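The values are calculated or read from the model by the stated rules, or taken from the named source; none is laboratory data. The model shown is predicted, which means the values in this text are computed figures rather than measured ones. Cβ placement follows ideal geometry from the backbone for every residue including glycine, while neighbour counts extend to all protein chains displayed. SASA here: full protein model, heavy atoms, side chains in, ligands and nucleic acids out. Shrake-Rupley method; radii C 1.70, N 1.55, O 1.52, S 1.80 Å.
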Amino acid sequence: MQARQIAEGIYRIGANITNGDLFEGMWPIPEGVSLNSYVVWGEKVALIDLVRDWDEAPSRVREQLDSIHLPMHQIDYLILNHLEPDHTGWLRTFRDLCPQAEILTTPKGANLVKSFYKITDKVRSVKSGDTLELGKGKKLVFEEIPNVHWPETMVTYEASSGVLFSCDAFGSYGSVGAEVFDDELTPSQHEFYERESLRYYANIVASFSVFVERAVQKLSGLKVNVIAPSHGILWRKNPRIIVDRYVRYASYAEGPAESEVTLIWGSMYGNTEKLVQAALAGLKEEGVPVHIHQIPQTHVSYILASAWKSTGIVLGMPTYEYRMFPPMAHVLDDLGRKKVFGKKVFRFGSYGWSGGAAKELGEITAKYRWEFLDPVEFEGAPSDKEYEEVRKRCKELGALVKKSARYPLKS
Ligand SMILES: Cc1cc2nc3c(=O)[nH]c(=O)nc-3n(C[C@H](O)[C@H](O)[C@H](O)COP(=O)(O)O)c2cc1C
């Protein structure tokens with residue numbers, strides 16, 4: 001892969017991770033993920049963000065530095081916007097290869113450079129508003145955006161070109177090919193990155209939504225011509241699209257979101273499963289789009305993405321050993337960890353003799369601010385009566401979702 005020029009003297013250097021590993025050790029990335037670094041070349045040279053020694057990413061970086069005829073000994077500065085190892089794992093080797101390069105990061109970032117990489121020499125702390133002149137008119141401006149994604153995180157802005165190196169903010173999953181800019185992609189590629197930016201947001205960023213809103217507010221004074229994140233595509237034709245998208249995703253944190261419902265169901269012997277169709281029939285009567293996930297077959301990464309953007313949630317699971325079907329307990333725990341709060345929820349499910357799923361559901365979700373419709377619980381196999389009740393309750397939920405959603409149903 002070749003480095004891609006963003007503006008005079010500014011390049012994107014990228015590596016795709018496609019070896020089947022999980023992101024953060026837990027999120028599937030079947031279509032890969034890109035690790036983006038950037039070169040800003042004035043009289044002095046800055047490299048912004050690094051990679052991890054992962055799926056040969058360092059070799060990709062070196063090849064692309066070669067493609068712009070930049071020898072490593074000519075790199076004067078390494079800017080670390082964020083210390084998560086996907087952007088810094090190669091740091092020790094980099095320091096050996098480029099002992100001359102000074103590392104610039106926030107004070108909290110400098111602590112992490114010390115604790116993770118045992119490097120203290122030639123590390124400079126920068127804070128919001130600090131600048132670095134590179135010569136030939138190139139000037140980097142640093143702005144801290146704490147908790148998007150770690151407490152030490154900052155962004156770097158190149159003032160002459162208006163390129164914002166936004167690190168994890170405005171990123172997405174998905175490998176990036178030769179076409180790295182928004183205006184080079186087909187509509188179906190855009191749909192893909194939109195799906196993957198939502199999933200990335202729900203998996204990685206959602207818990208920090210309030211900080212995303214603060215960061216967008218803080219950066220609103222900058223004239224941004226290009227958004228260059230550390231994962232995913234670059235936005236130069238219409239950077240507003242990805243900013244608006246992130247602002248919209250952040251707004252879902254309240255609970256009311258799109259006029260959509262996420263139906264999560266699991267069943268051992270088919271009794272609960274028989275009413276999935278009843279639930280779908282009721283929701284269809286109200287015309288709300290539904291995202292259906294069978295568990296444990298579906299990875300929670302995908303469930304989080306649709307639950308985060310849905311106003312309503314339907315849960316279908318039976319009782320198991322006096323509690324709920326365990327895969328549902330795991331999913332509900334993850335929804336809580338990622339703060340999928342304030343939703344409208346309906347639950348149905350079968351039991352054999354005692355029940356117990358309902359009690360545990362109440363315990364797990366006690367702090368989720370979920371508003372529950374009356375559940376439909378039934379002994380053994382469902383009858384027509386229960387089919388009808390589930391259909392009616394889901395129709396009610398559909399109507400409630402349409403009324404309380406933050407964003408109206410698209411016609
Ligand atoms: C391993 C196992 C444990 C169960 N534990 C309970 C229980 O503690 N209380 C209860 O009322 N039913 C219990 N049941 C019965 C199921 O809840 C019942 O068979 C239900 O219809 C299963 O729904 P499904 O067909 O959707 O899987 C258990 C069933 C299995 C297989």
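Which shape class, rounded, prolate or oblate, goes with segment 285-411 when its Cα gyration tensor gives a ≥ b ≥ c as root eigenvalues, a/c under 1.5 marks rounded, and past that a/b bigger than b/c marks prolate? Verdict is oblate for segment 285-411. Diagonalising the gyration tensor over the Cα atoms of segment 272-340 and scaling each eigenvalue by 5 before taking the square root yields semi-axes of 20, 17, 10 Å, largest first.
Normalised by the number of residues in the chain, the average gap of Cα pairs under 8 Å and 6 or more apart makes the relative contact order 12 percent. Relative to one another, the C-alpha centroids of segment 46-83 and segment 113-135 are positioned 16 Å apart. Taken over the alpha carbons of segment 4-253 as equal point scatterers, the Debye sum produces base-10 log I(q)/I(0) values at 0.07, 0.15 Å⁻¹ of -0.20, -1.03. Of all lysines in the structure, the ones whose alpha carbon falls short of 20 Å from that of Lys138, not counting any fewer than 8 places away in one chain, are Lys44, Lys127, Lys223.
Against the chain, whose longest principal axis comes from its Cα atoms, helix 300-309 is set at around 80 degrees.
Put a plus charge on the Cβ of each Lys and Arg, a minus charge on the Cβ of each Asp and Glu, and nothing anywhere else: the dipole of segment 34-191 about its Cα centre is then about 800 debye.
Does anything in segment 32-66 have its amide N under 14 Å from the 7 Å Cα→Cβ label point of Lys122, and if so which residues? Only 45-47 pass the distance filter. If you take the square roots of the eigenvalues of the alpha-carbon gyration tensor of segment 12-120 and sort them as a ≥ b ≥ c, do you get rounded (a/c under 1.5), prolate (a/b over b/c) or oblate? It comes out oblate by the Cα gyration axes. In order along segment 255-270, the Karplus-derived 3J(HN,Hα) couplings, from 6.51 cos²θ - 1.76 cosθ + 1.60 at θ = phi - 60°, round to x, x, 9, 6, 6, 9, 10, 10, 9, 10, 9, x, 8, 8, 10, x Hz, and Gly and Pro are given as x.
Springs between Cα atoms under 10 Å define the GNM used for the chain, and in it the highest mean-square fluctuation of Gly398, Gly287, Gly232 occurs at Gly287. For segment 288-320, backbone nitrogen atoms closer than 15 Å to the point 7 Å from His330 Cα along Cα-to-C-beta are found at 294-304. Only Cα pairs under 8 Å and 6+ residues apart enter the sum, and on that basis the relative contact order of segment 211-322 stands at 31 percent. If both residues of a DSSP beta bridge must be in segment 256-401, then about 10% of such bridges are antiparallel. Share of pairwise Cα-Cα distances greater than 12 Å in segment 325-368 is 64 percent (whole percent). Considering only Ile119, Ile303, Ile79, the Gaussian network model of the chain with Cα springs below 10 Å gives its largest mean-square fluctuation to Ile119.
Expressed to the nearest 5 percent, the antiparallel share of DSSP beta bridges inside the chain is 45 percent. The antiparallel fraction among DSSP beta bridges confined to segment 174-326 stands at about 20%.
Within the same chain, aspartates and glutamates fewer than 8 places from Lys359 are excluded, and of the rest, those with a Cα less than 17 Å from its Cα are Glu321, Asp333, Glu371, Asp374, Glu377, Glu379. For the chain, the longest principal axis of the alpha carbon atoms and the long axis of helix 326-337 meet at an angle near 50°.
Based on DSSP H runs of at least 4 residues, each adding -39500 (n - 2.57), what is the mean residue ellipticity at 222 nm of the chain after dividing by all its residues, to the nearest 500 deg cm²/dmol?
One gets -10000 deg cm²/dmol as the mean residue ellipticity at 222 nm.
With all protein chains kept in place, the per residue accessible area of the chain amounts to 42 square angstrom at a probe of 1.4 angstrom.
Per residue, the average separation of C-alpha pairs within less than 8 Å and at least 6 apart gives segment 38-147 a relative contact order of 26 percent.
Among the listed pairs Lys344/Lys403; Lys367/Lys392; Lys338/Lys392; Lys343/Lys385, a Cα-Cα separation exceeding 23 Å is found for Lys367/Lys392; Lys338/Lys392; Lys343/Lys385. With the charge dipole of segment 4-253 set up from +1 on Lys and Arg Cβ and -1 on Asp and Glu Cβ about the Cα centre, the Cα lying farthest toward the positive end among the listed residues Leu47, Leu134, Cys167 is that of Leu134.
Of the three principal axes defined by the Cα atoms of segment 195-296, the extents in descending order read 57, 28, 25 Å. Close amide H contacts of Phe23 (hydrogens built in the peptide plane, cut-off under 5 Å, sequence separation of 5 or more or a different chain): Ile29.
Between helix 107-117 and the chain there is an angle of about 90 degrees, using the helix long axis and the longest principal axis of the Cα atoms. With only Lys, Arg, Asp and Glu charged, each at its Cβ (+1 for the first two, -1 for the last two), find how big the charge dipole of the chain is about the Cα centre; round to the nearest 20 debye. With Lys and Arg at +1 and Asp and Glu at -1, about 940 debye.
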